[in-house]
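Just dropping this structure here.
The values are calculated or read from the model by the stated rules, or taken from the named source; none is laboratory data. None of the values given here were measured: they were computed from a predicted structure. Quick reminder, even Gly has a Cβ in these numbers, built from the backbone with ideal geometry, and neighbours come from all protein chains shown.
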Ligand SMILES: [Zn+2]
């Protein structure tokens, strides 16, 4: 039986509604923000930073990168967090709830508490120039039926942001901004689509780790691990060790080889900790080391330690761990004095 709360009717009523009063950007279009943006984006177009270069192509001075549209109305992290916490604690009066807030609340009540941004489209009517004041008005444009996706079941919601240029000002009430926007020139639009969803339950058992591709060149290594040995390939012509296993010696080109059994002692030459993407067979965060074995070659392996404690040069010792009947792997842990 489906016991999910269904807000379809209330949500449908929100589509097309303007959400709250328009908001004004905290800063006029300015050179400093543009310079930081183009540096971060690696955009070398001179029309954004060089007045003469902009005039050469027929502009009246430098323009803001069109993709900065939303940056001009962002209020910053602190103000955003304060607004979020006010909303969460319910101190925002119900009468002040915007259409967007109502939509998010209804979707939460339906059980769609997770959110992921799915796409963003922007249209530009004309470029912004220095000294302009930008205001933004949100409209709920679309809310989908309940859909089942790879992430879980939920609804797609599209909010349209209409951007306007209004006369510059530092202090203005929401209603005063609304009055300006009513007769202002629209300079761009952004459609921002999210999926609000209920995450799929994580009740499924963890699948086994993927198995290696075993060949005639590396079978000795995988068979060794099953027998509890860390075998390292050795050139029988010049004695050079090599890992991962290869058919020939990189030093003397000999095709003749055998192996030694490593004592599994060495030090961390380099390391990385994997956080994403998360594959269900593994636990995260997942620390991985490049270990310089005392016998004189390197091997990539799991580290059995807190990722924050991993240090280059740290002494480590391998244990052979059976992950399941099919797969055993060396796992390195710090050597305790
Ligand atoms: Zn060799």
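Please specify each residue of the range 219-250 satisfying the condition of being closer than 16 Å to residue 298 by Cα and near the ligand (Cβ under 8 Å from one of its atoms).
Answer for the range 219-250, where residues must be closer than 16 Å to residue 298 by Cα and near the ligand (Cβ under 8 Å from one of its atoms): 235, 239, 240, 249, 250.
Looking at residue 166 and the list (1) farther than 16 Å from residue 193 by Cα; (2) under 26 Å from the mean Cα position of the chain (by Cα), which single condition is not satisfied?
(2)
Follow-up. Among the listed residues 279, 310, identify the single one that is under 39 Å from the mean Cα position of the chain (by Cα), more than 16 Å from the ligand (Cβ to nearest atom) and modelled with pLDDT under 95.
Working: 310 fails: modelled with pLDDT under 95.
Of the residues listed, the single one that is under 39 Å from the mean Cα position of the chain (by Cα), more than 16 Å from the ligand (Cβ to nearest atom) and modelled with pLDDT under 95 is 279.
So, of the residues in the range 47-66 that are surrounded by fewer than 14 Cβ atoms within 10 Å (Cβ to Cβ) and under 23 Å from residue 187 (Cβ atoms), which turns out to be nearest to the chain's Cα centre (by Cα)?
Filtering first and then ranking leaves 50.
Only one of these is assigned to a strand (DSSP E or B), in contact (Cβ under 8 Å) with a residue 60 or more places away in the chain and closer than 15 Å to residue 165 by Cα: 137, 122. Name it.
On the way: 122 fails: closer than 15 Å to residue 165 by Cα.
Only one candidate passes the filter, namely 137.
Give the residue, chosen from 102, 67, that is touching a helix residue (DSSP H, G or I) at 6+ places or on another chain (Cβ under 7 Å) and either in the same structural domain as residue 176 (by TED's automatic domain parsing) or over 23 Å from residue 199 (Cα atoms) (or both). First the steps, then the outcome.
Numbers: 67 fails: touching a helix residue (DSSP H, G or I) at 6+ places or on another chain (Cβ under 7 Å).
Of the residues listed, the single one that is touching a helix residue (DSSP H, G or I) at 6+ places or on another chain (Cβ under 7 Å) and either in the same structural domain as residue 176 (by TED's automatic domain parsing) or over 23 Å from residue 199 (Cα atoms) (or both) is 102.
Can you confirm whether residue 201 is closer than 30 Å to residue 6 by Cα, within 35 Å of the chain's Cα centre (by Cα), exposed (fewer than 13 other Cβ atoms within 10 Å of the Cβ) and away from the ligand (no atom under 16 Å from the Cβ)? Write out each step before concluding.
Numbers: closer than 30 Å to residue 6 by Cα: yes; within 35 Å of the chain's Cα centre (by Cα): yes; exposed (fewer than 13 other Cβ atoms within 10 Å of the Cβ): yes; away from the ligand (no atom under 16 Å from the Cβ): yes.
In short, yes.
Any residue in the range 174-194 that is assigned to a loop (DSSP other than H, G, I, E, B), within 38 Å of the chain's Cα centre (by Cα), surrounded by 14 or more Cβ atoms within 10 Å (Cβ to Cβ) and more than 16 Å from the ligand (Cβ to nearest atom)? So that I can check it myself, show each step before the final result.
Going through the range 174-194, the residues assigned to a loop (DSSP other than H, G, I, E, B) turn out to be 183-184.
Adding the requirement that they be within 38 Å of the chain's Cα centre (by Cα) leaves 184.
Now drop any that are not surrounded by 14 or more Cβ atoms within 10 Å (Cβ to Cβ), which leaves 184.
Now narrow it down to the ones that are more than 16 Å from the ligand (Cβ to nearest atom): 184.
So far as the range 174-194 goes, yes, one or more of its residues are assigned to a loop (DSSP other than H, G, I, E, B), within 38 Å of the chain's Cα centre (by Cα), surrounded by 14 or more Cβ atoms within 10 Å (Cβ to Cβ) and more than 16 Å from the ligand (Cβ to nearest atom).
When you scan the range 243-274, how many residues do you find that are within 36 Å of the chain's Cα centre (by Cα) and free of Cβ contacts under 8 Å to residues at least 24 places away in the same chain?
2
To continue, here is another question. Sort out which residues of the range 2-21 are surrounded by fewer than 16 Cβ atoms within 10 Å (Cβ to Cβ), assigned to a helix (DSSP H, G or I) and touching a residue at least 40 places away in the same chain (Cβ under 8 Å), and write them in order of number. Lay out the reasoning, then the answer.
As a first pass, look at the range 2-21 and keep what is surrounded by fewer than 16 Cβ atoms within 10 Å (Cβ to Cβ): 2-6, 8-10, 12-13, 15-16.
Those still in the list that are assigned to a helix (DSSP H, G or I) too: 8-10, 12-13.
Answer for the range 2-21, where residues must be surrounded by fewer than 16 Cβ atoms within 10 Å (Cβ to Cβ), assigned to a helix (DSSP H, G or I) and touching a residue at least 40 places away in the same chain (Cβ under 8 Å): 8, 10, 12.
OK, next. I need every pair where a residue in the range 222-237 that is under 12 Å from residue 320 (Cβ atoms) has its Cβ under 6 Å from the Cβ of a residue that is more than 14 Å from the ligand (Cβ to nearest atom) and in a helix (DSSP H, G or I), sequence separation at least 6 or different chains.
These pairs meet every condition: 231/220; 231/221; 231/224.
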